[in-house]
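Below is one structure; the comments refer to it alone.
We did not get these values from a lab; they are worked out from the coordinates using the rules stated. What you see is a predicted model; the values in this text were computed from it and never measured. Cβ coordinates were reconstructed from backbone atoms using ideal geometry, including for glycine residues, and neighbour counts include every protein chain displayed.
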Ligand code: SF4
Ligand code: SF4
C-alpha cells in the first residue's frame, strides 16, 4: 500500500507578526484583560460543594419499596451486566407475595466499579440507581467494598412494579402486571 505524505506548510506571517513586538504586546493585553475581569472558576471544596447535574452517576443506592424494604429481587441481572465483575449477590428465598428471592448479601466493590451504569440499566424493577454521592475513600481495601446495608437508602422510594418482575422476565413477556389476578390468569394461559 502506498504511503500518503501530507505536507503541512507553516502559516504565512504578516509584517506586524514578523516584527514580533506587537504580538508580545497583544498577548500581554489579553493577560491583563483576564486579570482585570477575574472570575474564579474553582470552588473551595469541601467547604463549598458543587451542584452536580441531575444525571450524574455517583455511588449506587438501593431504593426502598412502599414498606421501606429493599426492592431487589436478587435476579442477578446487574451482576451479569457488570463489565468489571464488581457486584456480588447471594440470594435467599423470600416469602413475600410473588417475590421469589431477595439478596442476603449484595456487595459492590468500588475498587472495580467504573460507574458505567450498566447494572442500573439491567435492573428490571428499579431496585438499583446511581446516586449523587461521589466521596469515596477508605484507609483499607475492605472499606471500598460496600454492602447493601451501606447503600440501601430508605428515603428513596420507587413505585415501579416489582412483585412479578422475575416471573415476567422468565416468560419473556413484555407487559408488567401487578395484581395476583393478573398473574394467576397469565400462569393459567402459559404452559409453565
Ligand atoms: S456501574 Fe458499571 S462497573 Fe459499576 S457496578 Fe455497575 S455495571 Fe459494574
Ligand atoms: S438487577 Fe435489580 S433486582 Fe436484579 S439483582 Fe440487580 S438490583 Fe436486584
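Structure summary
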item: When the convex hull of its Cα atoms is projected in every direction, mean area for the stretch 8-140 (nm²); result: 16.5 nm²
item: Cα convex hull of the stretch 23-89 - mean projected area over all directions, nm²; result: 10.2 nm²
item: Cα-derived Rg over Rh, computed across the stretch 113-159 with Rh taken as Kirkwood radius; result: 0.98
item: Efficiency of FRET between residue 29 and residue 138 - r from beta-carbon atoms, R0 35 angstrom, step 0.05; result: 0.10
